[in-house]
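A short worksheet on the structure shown next.
The values are calculated or read from the model by the stated rules, or taken from the named source; none is laboratory data. This one's a predicted model, so the numbers in the text were calculated from it and none came from an experiment. Cβ sites come from the backbone with ideal geometry, for glycine too, and all protein chains shown count toward neighbours.
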Amino acid sequence: MSTTNGDVLDARGLDTFYGASHILRGVNFRVGAGETVSLLGRNGMGKTTLLRTLMGLLKPKRGSIMFNGCDVTRSRASAIARAGMGFVPEGRGVFPNLTVEENLIFAERPGQGGRMDWTREAIYEIFPRLAERRKNWGNQLSGGEQQMLTIGRALLSNPRVVLIDEATEGLAPKVRDDIWSTLRIIAQKGVAVVVVDKNIDDLVDLAGRHVVLAKGEVLFEGTSKQLRTEWEFVSRMLGV
Ligand SMILES: Nc1ncnc2c1ncn2[C@@H]1O[C@H](COP(=O)(O)OP(=O)(O)OP(=O)(O)O)[C@@H](O)[C@H]1O
Ligand SMILES: [Mg+2]
C-alpha cells in the first residue's frame, strides 16, 4: 500500500536536533514507489541526519514521516525496518566474525505481505563476487565486497525502499561502476532507492530526481534535466 499520492515515503517539515544543535530545518522529502532519488550536499549539510531521521534512528522534533501509508514518525527503527525500509549506513556494517553466507542468512526475511523477491540466490546472482566468497569471513573482504554484502543484506529484508549513505566511498572506479549497475538492477525490480554519494555525475545518470541540502534545508529539488539547467546555482551549493 502506498500513500494516496503514490509515494512510498513522504516526510514533511522535519526538524531534527543533535542536543541543542538544530540540524534539519523544515525538510520535505518524498520518494515515489520504485523511484531512485539522490540526496546531495556538501559535508555536514545534513544528508546522513536526514537518512537517520527517516529510518527512525533519530526522532524529529517537528514534522511527520509517512511510509507505505502509515505514520511512522514516532516508530522505532526496528519497526520501520520491518515495515520495509532498508538502510545501508556509511562505513558499512559487515559482521567480521561471520562468513558472507552467514551475514546474508542473518538478514534474510520476508517483506510486507510475505514478499520474498530477494533470496540469497538472487543476491549471489547480482553479486557473483559474493558467491565466490561465500565461505570467507566478513573481515576478509575488500571494501567493495563489504559494500556489496551490506547492500545484499539490506535487500534480503525485501524492502520497499533502501537508503544508501556514501554508496561508493573509498571504492576503486571499477568497483564503483559495479555498485551503480547493481543499484540500477535493484530499481528495475521495483525497489525505491535513496542514495548519497560524492560522485555527482554518476548520480545524475542514476537517479531521476535530486534533492540538495544546504545547512539542513532543501534548497533544490528537481529532475536530472532541471539539475543540468540550474547547474550554475546547484554547483555553487555543492562547491564543485
Ligand atoms: N552525533 C552528532 N552529534 C552532534 N552533531 C552531529 C552529530 N552527527 C552530525 N552532527 C552535525 O550535524 C550536521 C550534519 O551532519 P551530517 O552527518 O548529517 O552531514 P552530511 O551531509 O552527512 O555530511 P558528510 O557529507 O560529511 O557525510 C553537521 O554539522 C555535523 O557536525
Ligand atoms: Mg554523511
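Overview of values
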quantity: Some residue of region 184-191 being at pLDDT 95 or above and surrounded by fewer than 17 Cβ atoms within 10 Å (Cβ to Cβ); calculated: yes
quantity: Some residue of region 86-93 being within 16 Å of ligand 1 (Cβ to nearest atom) and in a strand (DSSP E or B); calculated: yes
quantity: Hits in region 1-17 - residues which are more than 30 Å from G114 (Cα to Cα) and either modelled with pLDDT under 95 or out of contact with any Ser or Thr (no Cβ under 8 Å at 6 or more places or on another chain) (or both); calculated: D15, F17
quantity: Unmet criterion (only one of (1) at pLDDT below 95; (2) surrounded by 15 or more Cβ atoms within 10 Å (Cβ to Cβ); (3) more than 16 Å from ligand 1 (Cβ to nearest atom)) for G69; calculated: (2)
quantity: The one condition in (1) outside any loop (DSSP other than H, G, I, E, B); (2) away from ligand 2 (no atom under 16 Å from the Cβ); (3) touching a helix residue (DSSP H, G or I) at 6+ places or on another chain (Cβ under 9 Å) that A81 fails to fulfil; calculated: (3)
quantity: Identity of the residue in region 15-58, in contact with a helix residue (DSSP H, G or I) (Cβ under 7 Å, 6 or more places away or on another chain) and of a type outside the set (A, V, I, L, M), that ends up nearest to ligand 1 (Cβ to nearest atom); calculated: G41
quantity: Test: residue in region 211-221 that is under 26 Å from S157 (Cβ atoms) and either aliphatic (A, V, I, L, M) or buried (at least 16 other Cβ atoms within 10 Å of the Cβ) (or both); calculated: yes
quantity: Verdict on M66 being within 24 Å of G113 (Cα to Cα) and touching a helix residue (DSSP H, G or I) at 6+ places or on another chain (Cβ under 7 Å); calculated: no
quantity: Region 153-182, subset closer than 20 Å to L9 by Cβ and of a type in the set (S, T, N, Q), residue surrounded by the most Cβ atoms within 10 Å (Cβ to Cβ); calculated: N158
quantity: Region 1-36, residues that are of a type in the set (A, V, I, L, M) and either out of contact with any Asp or Glu (no Cβ under 9 Å at 6 or more places or on another chain) or free of Cβ contacts under 8 Å to residues at least 12 places away in the same chain (or both); calculated: M1, L9, A11, L14, A20
quantity: Count of residues meeting criterion [assigned to a loop (DSSP other than H, G, I, E, B), at positive phi and surrounded by fewer than 16 Cβ atoms within 10 Å (Cβ to Cβ)] in region 10-64; calculated: 2
quantity: Total residues in region 166-182, condition within 16 Å of ligand 1 (Cβ to nearest atom) and among the aromatic types (F, W, Y); calculated: 0
